[in-house]
Every structure is written in structure tokens, then in C-alpha cells.
1. Among the numbered criteria (1) exposed (fewer than 14 other Cβ atoms within 10 Å of the Cβ); (2) under 18 Å from residue 101 (Cα atoms); (3) touching a helix residue (DSSP H, G or I) at 6+ places or on another chain (Cβ under 7 Å), which one does residue 131 miss?
2. Can you find even one residue in the stretch 55-63 that is exposed (fewer than 14 other Cβ atoms within 10 Å of the Cβ) and in a helix (DSSP H, G or I)?
3. Scan the stretch 172-194 and tell me whether some residue there is at pLDDT below 85, touching a strand residue (DSSP E or B) at 6+ places or on another chain (Cβ under 8 Å) and in a helix (DSSP H, G or I).
4. Mind listing whichever residues of the stretch 264-289 are touching a residue at least 24 places away in the same chain (Cβ under 8 Å), over 15 Å from residue 147 (Cβ atoms) and in a loop (DSSP other than H, G, I, E, B)?
5. Tell me the residue from 117, 109, 104 that is out of contact with any strand residue (DSSP E or B) (no Cβ under 7 Å at 6 or more places or on another chain), closer than 30 Å to residue 222 by Cβ and at pLDDT 90 or above, please.
6. Cβ-Cβ under 6 Å, sequence separation 6+ or interchain: first residue in the stretch 233-253 and touching a residue at least 40 places away in the same chain (Cβ under 8 Å), partner part of a loop (DSSP other than H, G, I, E, B) and surrounded by fewer than 18 Cβ atoms within 10 Å (Cβ to Cβ). Which pairs?
7. Scanning the stretch 137-163 for residues that are out of contact with any helix residue (DSSP H, G or I) (no Cβ under 6 Å at 6 or more places or on another chain) and assigned to a loop (DSSP other than H, G, I, E, B), which turns out surrounded by the most Cβ atoms within 10 Å (Cβ to Cβ)?
8. Does residue 223 count as surrounded by 13 or more Cβ atoms within 10 Å (Cβ to Cβ), free of Cβ contacts under 8 Å to residues at least 12 places away in the same chain and in the same structural domain as residue 173 (by TED's automatic domain parsing)?
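The values are calculated or read from the model by the stated rules, or taken from the named source; none is laboratory data. This is a predicted model, so every value here is computed, not measured. Every residue, glycine among them, receives a Cβ derived from its backbone with ideal geometry; neighbour counts consider all protein chains shown.
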């Protein structure tokens, strides 16, 4: 019979890509890890890992097992949280995942108001790029995701949206034509960022291929734009304060502002835990979101 210890050991191997590293992480022997893998493989009736150089990689059967294994442990954590909430309604947990712009510029105010108006919750917030936040939601390791694009997989569903305009910003008191936009240095987020993809769409639509610098932080981009290092496409939410005080200026272009709504997303086949339900209701009532 399959045991949780076998599954936990297998997931550690899946994450580390190595029996040795999994054993070190779990503080057990390598033969114990290998025994757990062998037992699982016997239950599945097919190989779940295969050699890959000095390490191992998952087979298709192992990939599927890892998906369900991660969900199992996420569901066990949720079961404990919901039992505690049933015994004590003030004991609730909320697990969110968000792309960096949303986490830096949108969530602080929302979470502050949520915690102040309702009973405080035990909050876990994961900030990552869009691929990573969708991965956490798919494996039930996040209750809700806040992202700048609608979900592209049928297992996800948008629960609420909030208007979000993306604009080009530069230092104050400068004007830019199309030729200027093509010559200017653009400050880009890292590959995998939704803002990076939107910026590349802007380049294609404007027919430009400008020089670019990659910077992996919204805060660093704002400061670099302010001191004149370049220009950037950003969420207006991310630079609202700077636009208001004049330290940055919005650069008009033929295709901006572009509307890229914020999407608060859940799993289609999973009931929202109570803490996530309360947060959803709060942002619709108080956070300029509307139910989708």
C-alpha cells in the first residue's frame, strides 16, 4: 500500500533530481530513498524515474505521480487549516501567489485592508513569475493567483478582475516620437515575465527593435527610468505615485495605454478554502475588483 512517506521521498527526488541530494535533504540514507522509489514503482507498475547523467529525471508516469503527490500534501495542509477554522473561526489561512508587479503595487494595500477589516489570517504569499505562480495553483499549493493575464489552461478560472493599464514611462519633461522610441534604451523585466511579453508585443506593433537592458525588479526599473537610464513599459498601478509627484512622466504612443486587467484566479475543480473565499469577497467589495 502506498504511504505518505514514500510519496514525500519521491517528491524530494523529483525536486532535487538526485537520490543523493534527496537523501541529504531528508536526512536519511540513499538506500532508504532508493527503497521508497522501488516500492512506489512496484505499486504504479511502471518506471517513475530514469537515469539522467549523474542524477535522475521523471518518466511520464512519474510526472503524473508528482502532480498528484503535490496536491495530496497541499490538501492535507488545507484539511488541518479548515479543521482549525471550524473549531476557531478566527483561525484562518490564506495562500496567495502573485506576479511581482501585483505583489509590490497592488497586494499590500489590499492585504492591509483585508487584515484590518476582518479577522487576521495566517497569510502565505509567494511572489514569482507567471509560469511559477500557475504551477503552484495547479498543484493546490496556492489558493488564489493574482496575475496580469487571464489563465491559459482550462483547469483555472478567473474569479474577479480589476482594470490595469500598462503605459510607457520616462524621465520628466521629455517628448518622444516613434523614432525616439526606436532609439531609446528600453528597460525590460526578465524573460518569463508577463510585462516582458507585453513589451515585445508593443515593439512588434510599433515596428521597432530598440536597444534593451534586462532588470529583474520593478523598483529598480522605476529608479533607473527616473535617473534617465532608459524608458519602460509598466503597469500604471506600479508608478502611480511617481506619475503623481512628477518624478516620472507618461509617454504617449499610438498603442498605449494598453488594458491588461488584473485577474484573480482559482482552480476550476477545487473548492476555495474559507480564507480564500473571504479574500475574494473582500476585494470585490472594497478593492475595485468585479466578479468575473
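1. (3)
2. The answer is yes, given that some residue of the stretch 55-63 is exposed (fewer than 14 other Cβ atoms within 10 Å of the Cβ) and in a helix (DSSP H, G or I).
3. There is at least one residue in the stretch 172-194 that is at pLDDT below 85, touching a strand residue (DSSP E or B) at 6+ places or on another chain (Cβ under 8 Å) and in a helix (DSSP H, G or I).
4. Once the filter is applied, which keeps residues that are touching a residue at least 24 places away in the same chain (Cβ under 8 Å), over 15 Å from residue 147 (Cβ atoms) and in a loop (DSSP other than H, G, I, E, B), the stretch 264-289 yields 268, 269, 270, 272, 273, 287, 288.
5. So the residue among 117, 109, 104 that is out of contact with any strand residue (DSSP E or B) (no Cβ under 7 Å at 6 or more places or on another chain), closer than 30 Å to residue 222 by Cβ and at pLDDT 90 or above is 109.
6. 246/172; 249/172; 251/176
7. Selected residue: 151.
8. Judged against the criteria, residue 223 is a match.
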